Amino acid sequence: MAKIFCIANQKGGVGKTTTAVNLAAGLANLKKRVLLIDLDPQGNATMGAGIDKAGLGSSVYQVLLGMGNVQAATKTSETGHFDVLPANRELAGAEVEMVELEQRELRLKQALATVKDQYDFILIDCPPALSMLTLNGLCAAHGVIIPMQCEYYALEGLSDLVNTIKIVHAKLNPDLQVIGLLRVMFDPRMMLSQQVSAQLEQHFGDKVFKTIIPRNVRLAEAPSYGVPGVIFDAAAKGAQAYIAFGQELVERIG
């Protein structure tokens, strides 16, 4: 039975997709069976895994609207060695079309019931907003991994997200919990980064992952080649940090 984790943060540009793609590749490197679900209409996780989003016959859009199943829509990342349920611009229309559907917030959970025994981990890359798509991700997941930069505004958004998770836990998904906070794009030369990092550890204790992902040019370059950063340059500090994060996650959920 797969462990299903959302990679979520309502703030944009905080490294959600980078984390989702590299964690998927890192877990695959540990010989885990991984499915990465792209729930963002921008389709960046799809492209980062080396899959052409323009040429998709079927995607997560068809799955959510009941016009296809997960098995038929799933592609394999040849570069990352994990499976992908891809997304493209079509997914933007799903928000409106799902309004009329029964149990609309549970569409993804119901679709995954047929494949969850085939994987060790299912990772869901959520869009940067509390939308019907994000809600589907939260309702399908066992836990949330929150990537965040160590800057002032990140703390503001974090309280909103934690409140959202509490509401979903209380009303829709009693299994949902915060798995942990991952500090990303970390620059140790900045005093603010160190201060916010210390605040996170003080407030959230062992919910903060020990692994810290440094700001790294090679991680930023990798998506343009359609290769996860941990494969693109395995020796880079960012790649090694994501490998370490995969190991820490496996140990944490034991």
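The values are calculated or read from the model by the stated rules, or taken from the named source; none is laboratory data. This one's a predicted model, so the numbers in the text were calculated from it and none came from an experiment. Note that each Cβ is placed from the backbone with ideal geometry, even for glycine, and that neighbours are counted across all protein chains shown.
Just name the residue that is surrounded by the most Cβ atoms within 10 Å (Cβ to Cβ) out of those in segment 185-194 that are part of a helix (DSSP H, G or I) and in contact (Cβ under 8 Å) with a residue 12 or more places away in the chain. Among those that are part of a helix (DSSP H, G or I) and in contact (Cβ under 8 Å) with a residue 12 or more places away in the chain, it is Ser193.
The condition (being assigned to a strand (DSSP E or B) and among the small types (Gly, Ala, Ser)) is satisfied by just one residue among Gly180, Gly205: Gly180. Taking every residue in segment 31-46 that is closer than 16 Å to Phe121 by Cβ and pairing it with any residue that is of a type in the set (S, T, N, Q) and part of a loop (DSSP other than H, G, I, E, B), at least 6 positions away or on another chain, the pairs with Cβ-Cβ distances below 8 Å are Leu35/Thr74.
Looking at segment 1-114, the helices (runs of 4 or more DSSP H) lying wholly inside it that each contain 3 or more residues that are in contact with a strand residue (DSSP E or B) (Cβ under 9 Å, 6 or more places away or on another chain) sit at 16-29, 44-48, 107-112. Within segment 135-163, the set of residues being small (Gly, Ala, Ser), in a strand (DSSP E or B) and touching a Cys at 6+ places or on another chain (Cβ under 6 Å) is empty.
Taken over segment 115-126, the criterion of being crowded, with 24+ Cβ neighbours inside 10 Å and outside any strand (DSSP E or B) is satisfied by Cys126 alone.
Taking each residue of segment 158-172 that is farther than 14 Å from Met148 by Cβ and looking for partners that are hydroxyl-bearing (Ser, Thr, Tyr) with beta-carbon atoms closer than 6 Å, six or more apart or interchain, yields nothing.
Just to verify a result, which residue in segment 55-94, among those that are touching a Lys or Arg at 6+ places or on another chain (Cβ under 9 Å) and surrounded by fewer than 20 Cβ atoms within 10 Å (Cβ to Cβ), is nearest to Pro127 (Cα to Cα)? Checking each candidate, the answer is Arg89.
Is one or more of the residues making up segment 176-187 modelled with pLDDT of 90 or more, touching a Leu at 6+ places or on another chain (Cβ under 7 Å) and within 28 Å of Gln62 (Cβ to Cβ)? Yes, there is a match, as at least one residue in segment 176-187 is modelled with pLDDT of 90 or more, touching a Leu at 6+ places or on another chain (Cβ under 7 Å) and within 28 Å of Gln62 (Cβ to Cβ). Assess whether Asp125 counts as being at pLDDT 95 or above, closer than 20 Å to Asn173 by Cα and acidic (Asp, Glu). Criteria met by Asp125.
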